[in-house]
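Novice: There's a structure below that I have some questions on.
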Amino acid sequence: MKLLFLSGIGCIEEIWNPVKSYIKDYDCTFITYPRTVTKQANSINDLADWLFNIVKDQSYDVIIGHSAGGLIALQLLNDYSYTTSKLVLVESNLKPAKAFYRNLVLNDTTSEYKYIIKMLRSEMPYYTEAFQSSIQNDFDYTYLLDKLHIPVYVLYGDRGNPNYKNRFSDLCLDDNILNQLNIRFVANSCHMPMIESPEEFSKILIESIK
């Protein structure tokens with residue numbers, strides 16, 4: 001089975017390193033967006049256009065997109081007639097979510113946190129203000145689900161609070177949108193579950209793509 005992994009903005013493909021040992025039986029491709037491309041991109045569609053030219057002659061059974069990488073995957077499938085059998089969104093918000101979903105990591109004293117902050121500080125200057133605004137302020141990407149006829153899984157960190165009663169309503173999505181999504185929660189993680197809880201993340205990912 002061929003898997004395509006798309007990182008979120010400000011992230012490089014090394015964010016997936018903690019899970020690679022768990023998915024070694026799959027044929028995986030990991031994408032990092034070149035700085036020369038991100039410096040010119042003003043929207044999700046700009047990166048989807050770049051990605052299409054990279055993957056148009058390749059086929060993947062499943063696409064896994066982290067954060068904005070999930071939105072890029074949705075745009076690729078919606079606007080470029082690219083096909084796949086399943087889509088997995090990891091911490092991708094289709095509309096601005098409430099505060100429960102806005103923390104980066106569960107523990108900001110770990111070496112993993114220091115690595116994430118160093119990576120983001122290194123990469124974010126290469127993203128335009130227009131692009132950053134397009135995924136931070138008053139956005140609505142739910143329309144990208146309209147043309148999809150494949151299973152869509154969404155993996156969120158549970159923020160260390162598996163019994164939080166508003167975890168679905170805090171996504172700020174209409175019921176008809178929620179009904180299109182297979183939502184799972186990764187224990188003891190926030191926005192970077194592949195780094196914070198790699199074993200649990202991989203277990204849920206593999207269950208989702210079977």
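Novice: Name every residue in region 10-42 that is out of contact with any Asp or Glu (no Cβ under 8 Å at 6 or more places or on another chain) and not in a helix (DSSP H, G or I), in order of residue number.
Specialist: Across region 10-42, the qualifying residues are ILE23, LYS24, ASP25, TYR26, ASP27, CYS28, THR29, TYR33, PRO34, LYS39, ALA41, ASN42.
Novice: Of all the residues that make up region 137-167, how many are surrounded by fewer than 13 Cβ atoms within 10 Å (Cβ to Cβ) and either among the aromatic types (Phe, Trp, Tyr) or over 23 Å from PRO198 (Cα atoms) (or both)?
Specialist: Going through region 137-167 one residue at a time, the tally reaches 10.
Novice: State all residues of region 106-141 that are at pLDDT 95 or above, in contact with a helix residue (DSSP H, G or I) (Cβ under 8 Å, 6 or more places away or on another chain), in a loop (DSSP other than H, G, I, E, B) and not polar (S, T, N, Q); if no residue qualifies, say none.
Specialist: TYR127, TYR141
Novice: Something else now. Return the residue satisfying two criteria in turn: it lies in region 168-178 and is in a loop (DSSP other than H, G, I, E, B) and of a type in the set (A, V, I, L, M, F, W, C), and of such residues it is surrounded by the most Cβ atoms within 10 Å (Cβ to Cβ).
Specialist: Here the answer is LEU173.
Novice: For a quick check of your reading of the model, give me the residue pairs whose first member lies in region 4-18 and is closer than 15 Å to TYR115 by Cα, whose second is in a helix (DSSP H, G or I) and among the β-branched types (Val, Ile, Thr), with beta-carbon atoms closer than 7 Å and at least 6 apart or on different chains.
Specialist: If the second residue must be in a helix (DSSP H, G or I) and among the β-branched types (Val, Ile, Thr), the pairs left are ILE15/ILE195; PRO18/ILE195.
Novice: Of all residues in region 66-89, how many are modelled with pLDDT of 95 or more and of a type in the set (D, E, K, R)?
Specialist: 1
Novice: Consider CYS28 against the criteria (1) touching a strand residue (DSSP E or B) at 6+ places or on another chain (Cβ under 7 Å); (2) touching a residue at least 60 places away in the same chain (Cβ under 8 Å): it satisfies all of them except one. Which criterion is unmet?
Specialist: Answer for CYS28: the failing condition is (2).
Novice: How about region 59-83: which of its residues are touching a residue at least 40 places away in the same chain (Cβ under 8 Å), farther than 14 Å from SER208 by Cα and in contact with a strand residue (DSSP E or B) (Cβ under 8 Å, 6 or more places away or on another chain)?
Specialist: SER59, TYR60, HIS66, SER67, GLY69, GLY70, LEU71, ILE72, ALA73, LEU74, LEU77
The values are calculated or read from the model by the stated rules, or taken from the named source; none is laboratory data. Note that the coordinates shown come from a computational prediction; the quantities given were computed from them, not determined experimentally. Using ideal geometry, Cβ is built from the backbone for each residue, glycine included, and neighbour counts are taken over all protein chains shown.
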